[in-house]
Structure formats: C-alpha cells, structure tokens
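The values are calculated or read from the model by the stated rules, or taken from the named source; none is laboratory data. The structure displayed is predicted, hence computed values, not measured ones. Ideal geometry is used to build each Cβ from the backbone, glycine not excepted, and the neighbour counts take in all protein chains shown. The protein model used for the area step is the full one, side chains on, heavy atoms only, and it has no ligands, DNA or RNA in it. Shrake-Rupley method; radii C 1.70, N 1.55, O 1.52, S 1.80 Å.
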Amino acid sequence: MKLSRLTVLVMILSLLAAGVAFGGKDLDAVKKKGFVQAGVNGGVFGFGMPDSKGVWKGLDVDTARAVAAAIFGDASKVKFTPLTAQQRFTALQSGEIDVLTRNATRTLSRETQLGLNFVTVNYYDGQGFMVPNKLGVKSAKELDGATVCVLPGTTTEQNAADYFRSNNLKWNPVVIESTSELAKTFFAGRCDVLTSDASQLAGTRAVAPNPKDYSILPEIISKEPLAPAVRHGDDQFRDIVDFAVLAMINAEEMGITSKNIDEKMKSTDPMVQRFLGVIEGNGKSLGLDEKWAYNIIKQVGNYGEVFERNVGVNTTLGIERGLNALWTNGGLMYSPPFK
C-alpha cells in the first residue's frame, strides 16, 4: 500500500507533536548489544586509566558511565577501549566504538572533515609544558632549542609548532604515539620538555617516579575545549550523549547530588520534578526512561562530584575548578533548561 506524501507528512508532524524521539542506527545498535562501547585514553591518570585492580577510573570514564546510566539505567553497562591519539577518530568512524570520551579537543575541522559531532564540553583545558626541575627553567620562553615530547596528530603538536615559531624559538619534537610511552620517554630523560593539555601534564606528573622533581610552566598556549564525540547520522544518540553531560552540570546547578537525590525526589519545585522525571516529558523526548537523569546522578554523581573525585584539589592531581566551575562561580559550566 502506498502512502501519499500528504499522509506521510501528517504522520511525521503527528509524531513530532507527540514529542516522540526518532530512533537511530547507533542508538539501536547500542540497545541491541546491551552496553555502550566507549573509547577512552587508557593512560591519563584522573581522566581515563584502569587502577591496580583493573577498574577504570577518571572523569572521561565517568562521562561514559553517565551515558550508559541514561540509556540502560545502569552505569555499569559500558565497556572501555583504550585508544591512542591517532586511533581515536578512526575507531569512532569505523564503528569500533559508539562514543569517544577521550580528552579530544572540539575543532571546526574535526567536526566538518571527520564526520563527527562533538557534544557539550566536559573539561575546559589548555596546553602547557612540563619540565624537570633540574633544568632550572621557569618560563616557556626559555625553551629555545629544547627537545619536546609530543603526541602526533594532535592539536597539541600543531599548537607547539605555532608557539615556537611565533616566539622565534627552535625546538626538536620527539613524536611518540602512545601516551604512556610518551611519559616514559620524558621521565627517562630523552626530552627536555613534555607538552600536552595541562590536565594531562598533571595526570602524568601524578604517576611520575618522583612527582616533586617536575614542574608545569605557567604559560597556557591554547584553548582546548575537551568534549565527547559521536558519529554523524544519529541525532537521537547525539542528543542523549549531549544531555547526559548536561544532566551532571544541571544537577550541580540545582544542588542535587548522589547523596541527596532521593530526598530531592520529594521536592515540590517543578524544575526539580521535571529534571528528575517526577513530571514526565524529558525522558519521552529523548526516547529514554523518565528516570534517566535520576539514574545518572544517583549512580555517577553531578559534575562537581565527578570532578572532585577524579581530578579535584583533594586528589593526587590537585586541580582547582577554574574554568570548569559553574558559571555562577566564575567558570564556564552552564546547562540549558531541562524542559
């Protein structure tokens, strides 16, 4: 039976009016196999790295767990694939992974040329330099002629080249693909300098043979908005990953934590009720259970909890919130309304 164009248009408009989310191939595939396959770094302490018992830990790891909690109501329904900087985008393009939560910088060329969609930033970063204290270097302007350990195929490599060129400094890049091997090379003394995102430098220094022997120089030479990414072609899956990150930010804005969320379910505030699914609608719009945001916060935590647990001032990394504070506290973390 053939349907007229008018009939099809009426059906589509009716579904839109009902707030029904259209399923997509990537989301369908994730639901069919029963877990989210997430690409992570694998070697950056505080962001993506297994602990001594093999349990994955880190801010990016928890971001992937939030996506699993949204879709399945279970943050454990995720498997991790460690990827190098050169492997990460190919793994996403080829379908080896469903989502990339691996400290990747959102750029125009990556969005337009690689067939990817980045979502909300889960960490605002900037590129810096780390040196051994024994060199006596206090500023990046003193690095003329230095050998510099850097990952290939990254914005880091391009930024470093631009920085040295623009400051009339010579440099000798030592390019190594693996994050862990790059760190080993630096700590073995083959390079004078290690350059990367400041968060990665802090994570690398945290696992150094003697962290106090190394300093991160004061210069931050780039903007590095790090964000999860998905493939082009499934807007519903993209929306879910995007709002999984935003749910953690929104929960912190609203003072909802993993500890008080059950009490918050009794709130008479319609904004809280809508966010937690007491008032229905948001879940239906995303094609998820109405408790999708509740499940994220209950099982993973709000953004502040995730930040402090993995990289905050009381961790080995000791990173201040800075740009990653809520907008109400002078940072850049901001969520649109959940309605």
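From the set of residues in region 90-111 that are buried (at least 17 other Cβ atoms within 10 Å of the Cβ) and of a type in the set (G, A, S), which is farthest from D62 (Cα to Cα)? Once the filter is applied, the top-ranked residue is A91.
Of the residues making up region 120-134, at least one is at pLDDT 95 or above and farther than 27 Å from P211 by Cβ.
Of everything listed in (1) under 25 Å from the mean Cα position of the chain (by Cα); (2) free of Cβ contacts under 8 Å to residues at least 60 places away in the same chain; (3) in a loop (DSSP other than H, G, I, E, B), the single unmet condition for G153 is (2).
Looking at region 120-148, which of the residues that are outside any loop (DSSP other than H, G, I, E, B) and aliphatic (A, V, I, L, M) is surrounded by the fewest Cβ atoms within 10 Å (Cβ to Cβ)? Selected residue: L135. Inspect region 112-119 for any residue being over 30 Å from K31 (Cβ atoms), modelled with pLDDT of 90 or more, under 25 Å from the mean Cα position of the chain (by Cα) and open to solvent by less than 30 Å² (accessible area, probe 1.4 Å) and give the result as yes or no. Within region 112-119, not a single residue is over 30 Å from K31 (Cβ atoms), modelled with pLDDT of 90 or more, under 25 Å from the mean Cα position of the chain (by Cα) and open to solvent by less than 30 Å² (accessible area, probe 1.4 Å). Selection of region 46-74 for residues being closer than 21 Å to Q200 by Cβ, open to solvent by less than 10 Å² (accessible area, probe 1.4 Å) and β-branched (V, I, T) yields V61, T63. Scanning region 314-336 for residues that are within 19 Å of the chain's Cα centre (by Cα) and either among the polar types (S, T, N, Q) or open to solvent by 30 Å² or more (accessible area, probe 1.4 Å) (or both) yields a total of 12. Filtering T84, T7 for residues that are farther than 28 Å from A198 by Cα, at pLDDT below 95 and of a type in the set (V, I, T) leaves a single hit, T7. Of the residues K259, K264, K339, the single one that is open to solvent by 70 Å² or more (accessible area, probe 1.4 Å) and modelled with pLDDT of 95 or more is K259. Figure legend. Inter-residue proximity from region 156-171: first residues open to solvent by 50 Å² or more (accessible area, probe 1.4 Å), second residues at pLDDT 95 or above and among the charged types (D, E, K, R), beta-carbon distance below 6 Å, spacing 6+ or different chains. Indicated pairs: K170/D144. Going residue by residue through region 182-189, is there one that turns out to be within 25 Å of R102 (Cβ to Cβ) and touching a helix residue (DSSP H, G or I) at 6+ places or on another chain (Cβ under 6 Å)? Yes, the conditions are met somewhere in region 182-189.
One line per residue, one yes/no per condition, for (1) under 25 Å from R190 (Cα atoms); (2) among the polar types (S, T, N, Q); (3) in contact with a helix residue (DSSP H, G or I) (Cβ under 6 Å, 6 or more places away or on another chain):
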{"position": "L59", "(1), (2), (3)": "no, no, yes"}
{"position": "V67", "(1), (2), (3)": "no, no, yes"}
{"position": "L100", "(1), (2), (3)": "no, no, yes"}
{"position": "R106", "(1), (2), (3)": "no, no, no"}
{"position": "V131", "(1), (2), (3)": "yes, no, no"}
{"position": "L135", "(1), (2), (3)": "yes, no, no"}
{"position": "P152", "(1), (2), (3)": "yes, no, no"}
{"position": "D162", "(1), (2), (3)": "yes, no, no"}
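Selection of region 75-84 for residues being buried (at least 23 other Cβ atoms within 10 Å of the Cβ) and not β-branched (V, I, T) yields F80, L83.
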